Amino acid sequence: FFQGSKNAYADDGFRRVVFAGNLAKYQGVDYLLQAFRHVLEVRRDIRLVLVTESPTTELLQDAATLGIGDCIETLAADLSRLPDLLASADVLVNPRTQCPGVPQKLLNYMAAGAPIVGFAGSTRYIVDGRSGIVVPNEDVRAFAAGILRLLDDHANAGQIGLAAQEYARKSFTWSATA
């Protein structure tokens, strides 16, 4: 069970919404970009951070087409830094709409203790409003609203992140999993 420190990003006045993972189509990053465009209609103090080993050229072109390219940061997925990058996020996002099991990303996010927004099809173990924000699949406006809700209510967002972390700590031990 990892626990990261909460100072991985520059103290530059920007809040960070973080996605970690590959950029394959099933991850739903296209939904994330659309939702992030709606977030930026309300707030401009936000950066979308993509922690990935995938090539980003096409995604950054899509972001530029949506008019949000200047608000996206990409970082190499260095496993040794991942706990800090996740724990330091203001919001962690899981835009995947379907997952027959449990996305590893979700477990890592829960362990990090930062609040999570995800689509219903891939948020097993998250209780909406208590240990994360769960929105209907493909509803990018609801996804954006979930992000904004957590950004606007820092105290509640902290409680939500801690609730997910506590659930993960109790439920996903080696003995409980075995």
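The values are calculated or read from the model by the stated rules, or taken from the named source; none is laboratory data. Predicted, not measured: the structure shown is a model, and the values here were computed from it. Counting neighbours? That spans all protein chains shown, and the Cβs are built from the backbone with ideal geometry, glycine included. These area figures cover heavy atoms from the full protein model, side chains too; ligands, DNA and RNA do not enter into them. Shrake-Rupley method; radii C 1.70, N 1.55, O 1.52, S 1.80 Å.
Descriptive notes on the structure:
- Test for D30: is it closer than 21 Å to F119 by Cα, open to solvent by 50 Å² or more (accessible area, probe 1.4 Å) and modelled with pLDDT of 95 or more: yes
- Answer residue from the stretch 135-165, given it is under 14 Å from the mean Cα position of the chain (by Cα) and open to solvent by 50 Å² or more (accessible area, probe 1.4 Å) and is farthest from R15 (Cα to Cα) among those: A145
- Summed over the stretch 46-88, the residues that are part of a loop (DSSP other than H, G, I, E, B) and either open to solvent by less than 40 Å² (accessible area, probe 1.4 Å) or in contact with a strand residue (DSSP E or B) (Cβ under 6 Å, 6 or more places away or on another chain) (or both) give a count of 5.
- Whichever residue in the stretch 123-141 is in contact with a Phe, Trp or Tyr (Cβ under 9 Å, 6 or more places away or on another chain) and small (G, A, S) and, among such residues, is nearest to D45 (Cα to Cα): G132
- The criterion of being modelled with pLDDT of 95 or more, open to solvent by 70 Å² or more (accessible area, probe 1.4 Å) and under 14 Å from the mean Cα position of the chain (by Cα) does not hold for R130.
- Considering residues of the stretch 120-141 that are among the hydroxyl-bearing types (S, T, Y) and part of a loop (DSSP other than H, G, I, E, B) only, the residue nearest to N22 (Cα to Cα): T123
- Residue in the stretch 105-123 that is open to solvent by 10 Å² or more (accessible area, probe 1.4 Å) and free of Cβ contacts under 8 Å to residues at least 12 places away in the same chain present: no
- Test: residue in the stretch 151-170 that is assigned to a strand (DSSP E or B) and acidic (D, E): no
- Checking each residue of the stretch 12-25 against the condition of being closer than 25 Å to Q165 by Cβ, under 17 Å from the mean Cα position of the chain (by Cα) and either at pLDDT below 95 or open to solvent by 50 Å² or more (accessible area, probe 1.4 Å) (or both) gives at least one match.
- Hits in the stretch 1-55 - residues which are of a type in the set (S, T, Y) and within 16 Å of L85 (Cβ to Cβ): S5, Y9, T52, S54
One line per residue, one yes/no per condition, for (1) assigned to a helix (DSSP H, G or I); (2) at pLDDT below 95; (3) among the aromatic types (F, W, Y):
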position: V93; (1), (2), (3): no, no, no
position: G101; (1), (2), (3): no, yes, no
position: N108; (1), (2), (3): yes, yes, no
position: G118; (1), (2), (3): no, no, no
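- Selection from the stretch 89-101 of residues that are of a type outside the set (D, E, K, R) and surrounded by 14 or more Cβ atoms within 10 Å (Cβ to Cβ): A89, V91, L92, V93, N94, P95, T97, C99
- Selection status of A144, farther than 23 Å from I46 by Cα, part of a helix (DSSP H, G or I), aliphatic (A, V, I, L, M) and in contact (Cβ under 8 Å) with a residue 12 or more places away in the chain: no
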